[in-house]
Amino acid sequence: MELRVGNKYRLGRKIGSGSFGDIYLGTNISTGEEVAIKLECIKTKHPQLHIESKFYRMLQGAVGIPTIKWCGSEGDYNVMVMELLGPSLEDLFNFCSRRFTLKTVLLLADQMISRIDFIHSRSFIHRDIKPDNFLMGLGKK
């Protein structure tokens, strides 16, 4: 059975877990565009997904910040559909046998510092900086 979200997206395989829910690969049924779909159980004691979507909307337009495509409820879940970004820093590190060249470290550090600087320039503090939370590359902008 095909699972749909917001009558526009098809839910695919699980690609990760966040602090507040699971993340799935999704597809826009009309265009075929791949997206990330984050699900959070509606019955959770401290729902965070709606708040997270507000932060993303306030940070829109910067490199490395996913565009929110849709946010709402579907069945027993709060749902956020967003732009699918590149692999995480942790994924890249594992792909490279947990070794980076100095050049790679410097290029990645430049991206990471730029993103943290942007978030701070908007008066936010991230509070969960770790390799799994840095999605590298430029996305499809």
I need every pair where a residue in segment 118-137 that is touching a residue at least 24 places away in the same chain (Cβ under 8 Å) and under 21 Å from Glu90 (Cα atoms) has its Cβ under 9 Å from the Cβ of a residue that is surrounded by fewer than 10 Cβ atoms within 10 Å (Cβ to Cβ) and acidic (Asp, Glu), sequence separation at least 6 or different chains. none
So for segment 52-64 (the condition being in contact (Cβ under 8 Å) with a residue 12 or more places away in the chain, touching a Pro at 6+ places or on another chain (Cβ under 8 Å) and not basic (Lys, Arg)), does at least one residue qualify? yes
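Yes/no per residue for (1) at pLDDT below 95; (2) more than 14 Å from Val81 (Cα to Cα); (3) surrounded by 14 or more Cβ atoms within 10 Å (Cβ to Cβ); (4) not basic (Lys, Arg):
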{"residue": "Lys8", "(1), (2), (3), (4)": "no, no, yes, no"}
{"residue": "Gly12", "(1), (2), (3), (4)": "no, no, yes, yes"}
{"residue": "Val35", "(1), (2), (3), (4)": "no, no, yes, yes"}
{"residue": "Gly64", "(1), (2), (3), (4)": "yes, yes, yes, yes"}
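Table: residues versus (1) more than 12 Å from the chain's Cα centre (by Cα); (2) surrounded by 10 or more Cβ atoms within 10 Å (Cβ to Cβ); (3) of a type outside the set (Asp, Glu); (4) modelled with pLDDT under 95.
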| residue | (1), (2), (3), (4) |
| --- | --- |
| Lys45 | yes, no, yes, yes |
| His50 | yes, yes, yes, yes |
| Asn78 | yes, yes, yes, no |
| Asp91 | yes, yes, no, yes |
| Leu102 | yes, no, yes, no |
Just checking, which of Cys41, Cys71 is surrounded by fewer than 17 Cβ atoms within 10 Å (Cβ to Cβ) and among the hydrophobic types (A, V, I, L, M, F, W, C)? Cys41
Looking at Gln111, Gln48, which is the one that is over 25 Å from Gly21 (Cβ atoms) and in contact with a Gly (Cβ under 9 Å, 6 or more places away or on another chain)? Gln111
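The values are calculated or read from the model by the stated rules, or taken from the named source; none is laboratory data. Just so you know, these numbers come straight off a predicted model, no measurement behind them. Positions of Cβ are generated from backbone atoms using ideal geometry, with glycine treated the same way; all protein chains shown enter the neighbour counts.
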